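The values are calculated or read from the model by the stated rules, or taken from the named source; none is laboratory data. Model, not experiment: these values are computed from the prediction. Methodologically, a virtual Cβ is constructed for each residue, glycine included, from the backbone with ideal geometry; neighbour enumeration extends over all protein chains shown.
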Amino acid sequence: MLEQILPEGIDYRNIIWTLLKMVSIVILARLFLAAMNRGFRGVESRLIKKRKTSARPGAAQRVSTIMGLLTQAVTLVTWGVTIVLVLDEVGMDVRPILAGAGVVGLAVGFGAQNLVRDFFSGFFIILENQYTLGDFVSINNHSGIVEGVNFRTTVLRALDGTVHVIPNGEIKFVSNGSHGWSAAVLDVGVSYEEDVDRTMEIIRDVGHTLSQDKDWKDKIIEDVEVLGLDQFADSALVIKVRLKTLPLEQWGVAREFRRRLKKRFDRDEVTIPFPNRTLHLKSVPEAAKVAALR
């Protein structure tokens, strides 16, 4: 009955067999990628556990970045091979396609120079470990936490939640504020009437107490550095202070240090000056007052 409905002269068995092989190729590709992704995640998990105990800061983040890029590369190659195999099953001669890939690639290269530039820039960013996931960086006047790095773009999330997507080829200058370690640098202003040596000793004591606190000692790498009297400001003596911290911990440490220092200054009666402005009023002649009222 089926033979009466279907047109004659068509090899339906061959068509069905070809379709089955095409579907099988796609399914095998997906299974291969699923297995590879699972394997990559396992390797990544083990490497991250190992790197967390390493003396090299940021090693775990770099592993995540490299494994993510490797996954993208394997996925791209796998689907490229899958498409070629499917076309071959359809009956297309893939040899001219493969032979012409070089010519097409050259043409695309000339037509997509920016894309190629982005790719190679991303490759060297990862190779040179300029920054990794979780780093705080400034790129082309945009600052934020690195949320994504691939061969084409870098994704930053600013403090206010704004997401900046920057093509790697356009990156000219990078400032990494969390590469290895960070530091909270503070300018502490006190009155000209205060004893500088006594004030610096108080600052050292506050910093030392903070570095020994159970909630903060794991975030502070070294004891506070009181660099000395840095400048004579208009209304204050400015003392430069630095606290070396783990990456991205400098802001929290700085806020807690300021809070403790303010309470200590209040207790020890160390004056924190504020700007003063003196106004000199000149007497105005009566004739000028009358003219102004007119």
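Just a few scattered comments:
- The set of residues in the stretch 192-203 being surrounded by 14 or more Cβ atoms within 10 Å (Cβ to Cβ) and assigned to a loop (DSSP other than H, G, I, E, B) consists of E194 alone.
- The residues of the stretch 237-253 that are under 26 Å from D135 (Cβ atoms), surrounded by 15 or more Cβ atoms within 10 Å (Cβ to Cβ) and hydrophobic (A, V, I, L, M, F, W, C), listed by number, are V241, L243, L246, L248, V253.
- Among the residues making up the stretch 204-232, those that are of a type in the set (A, V, I, L, M, F, W, C) and either within 17 Å of A183 (Cβ to Cβ) or surrounded by 14 or more Cβ atoms within 10 Å (Cβ to Cβ) (or both) are V206, L210, W216, I220, I221, V224, V226, L227, L229.
- Selected residue (only one of D234, D268, D218, D223 is over 25 Å from G134 (Cβ atoms) and free of Cβ contacts under 8 Å to residues at least 40 places away in the same chain): D223
- Selection status of E170, touching a helix residue (DSSP H, G or I) at 6+ places or on another chain (Cβ under 9 Å), charged (D, E, K, R), at pLDDT 90 or above and not assigned by TED's automatic domain parsing to the domain that holds F257: yes
- Subset of the stretch 135-151 (residues that are over 14 Å from I125 (Cα atoms) and not polar (S, T, N, Q)): F136, H142, G144, I145, E147
- Any hit, the stretch 243-259, residues being of a type in the set (F, W, Y), over 14 Å from V185 (Cα atoms) and either outside the structural domain of Y192 (by TED's automatic domain parsing) or in contact (Cβ under 8 Å) with a residue 24 or more places away in the chain (or both): no
- V137, sole failed condition from (1) in contact with a Gly (Cβ under 6 Å, 6 or more places away or on another chain); (2) surrounded by 19 or more Cβ atoms within 10 Å (Cβ to Cβ): (1)
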